[in-house]
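J.: Sharing a structure with you now.
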Amino acid sequence: MNPPTSAHSSLRALSRFIFLSRWLQAPLYFGLIVAQGVYVYHFFVELWHLLTSMQGISEQTIMLTVLGLIDVVMIANLLIMVIVGGYETFVSRLNLDGHPDQPEWLSHVNAGVLKVKLATALIGISSIHLLKTFIEVGSKPVADNVVLWQVVVHMTFVISALLLAWTDRISTRTAAETRAAH
């Protein structure tokens with residue numbers, strides 16, 4: 001057996017250093033956890049506002065406030081997908097096997113699946129914003145171009161999600177065919 005050359009050792013050290021660099025993402029996920037806490041606080045402030053003023057507000061205002069609460073929950077779900085899925089995919093395993101609360105989707109998460117899940121979450125959030133705008137149109141003036149641009153952005157999210165899902169399906173099928181061939 002030949003001893004490793006200096007060039008081989010240097011390349012191996014560089015490879016390990018590059019692989020270790022994935023841990024630079026860990027503080028970013030921690031920051032998203034802090035942002036999640038901000039959303040939890042915001043949710044309870046809005047819920048408290050709804051509960052303390054429910055006698056004097058219209059059904060439309062209640063509906064808009066509830067849609068705002070749903071929006072916060074959907075953004076929080078998006079954050080969890082990014083935090084848990086991103087950490088598991090790009091930084092390190094979470095070792096949750098057998099844990100009763102392990103999300104079902106986590107067992108088969110990869111970068112492609114995560115992108116599709118994020119895109120569909122963005123569609124849901126965009127749908128809530130669009131619905132809020134449509135409800136507000138009846139009670140206050142909303143510029144036509146605002147509604148138009150929200151629809152354009154929403155449709156862009158829909159088309160992007162469809163293309164991401166299609167691309168992920170093709171790459172998954174190709175990978176499966178390659179494995180079957182070998």
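Just so you know, all these numbers are worked out from the coordinates, no wet-lab data involved. This one's a predicted model, so the numbers in the text were calculated from it and none came from an experiment. Using ideal geometry, Cβ is built from the backbone for each residue, glycine included, and neighbour counts are taken over all protein chains shown.
J.: Counting pairs of alpha carbon atoms under 8 Å apart in space and at least six apart in sequence, what relative contact order in percent does the chain give?
T.: Contact order relative to length: 21 percent.
J.: Related question: Fully extended, how many nm does the chain gain between Leu131 and Glu46 (0.36 nm per residue separation, minus their Cα-Cα distance)?
T.: 28.8 nm
J.: Same structure, new question: Hey, of (1) 17.0; (2) 16.3; (3) 20.3, which did the structure itself give for Kirkwood radius over Cα pairs in Å when calculated?
T.: Correct label is (3).
J.: What percent do you get for the relative contact order of the range 1-102 when only Cα pairs under 8 Å and 6+ apart count?
T.: That works out to 37 percent.
J.: Hey, another quick one. With r as the distance between the Cβ atoms of Ala26 and Val73 and R0 = 35 Å, compute the FRET efficiency 1/(1 + (r/R0)^6) and round to 0.05.
T.: About 0.85, to the nearest 0.05.
J.: Taking the alpha-carbon distance from Lys140 and a cut-off under 26 Å, which lysines remain once sequence neighbours fewer than 8 residues away in the same chain are dropped?
T.: Lys132
J.: How much net charge surrounds Thr167 when only other residues with a Cβ under 12 Å from its Cβ are counted (Lys, Arg +1; Asp, Glu -1)?
T.: In short, +2.
J.: While we're here: Where does each of Val91, Val38 land when they are ranked from fewest to most other beta-carbon atoms within 10 angstrom?
T.: Ordered from fewest to most neighbouring Cβ atoms within 10 Å, Val91, Val38 come out as Val38, Val91.
J.: A follow-up question, please. By how many degrees, 0 to 90 and rounded to 10, does the Cα axis of helix 111-137 deviate from the longest principal axis of the chain?
T.: 10 degrees
J.: Scan the range 55-122 for trypsin sites (Lys or Arg not before Pro) in coil per DSSP, keeping those whose Cβ has at most 10 other Cβ atoms within 10 Å, and list them by number.
T.: In loop regions of the range 55-122 (DSSP not H, G, I, E or B), the sparsely surrounded trypsin sites (Lys or Arg not before Pro) are Arg93.
J.: Follow-up. Put +1 on the Cβ of every Lys and Arg and -1 on every Asp and Glu Cβ in the chain; which of Ala119, Tyr39, Met155 then has its Cα farthest towards the positive end of the dipole?
T.: Result: Ala119, furthest along the dipole toward the positive end.
J.: Given labels modelled 7 Å from the Cα in the Cβ direction, how far is it in nm from Val147 to Leu11?
T.: For the pair Val147/Leu11, the computed spacing is 6.3 nm.
J.: May I ask for the net charge around Trp105, where only other residues with Cβ less than 15 Å from the Cβ of Trp105 are counted and Lys, Arg are +1 while Asp, Glu are -1?
T.: With Lys, Arg at +1 and Asp, Glu at -1, the neighbours total -3.
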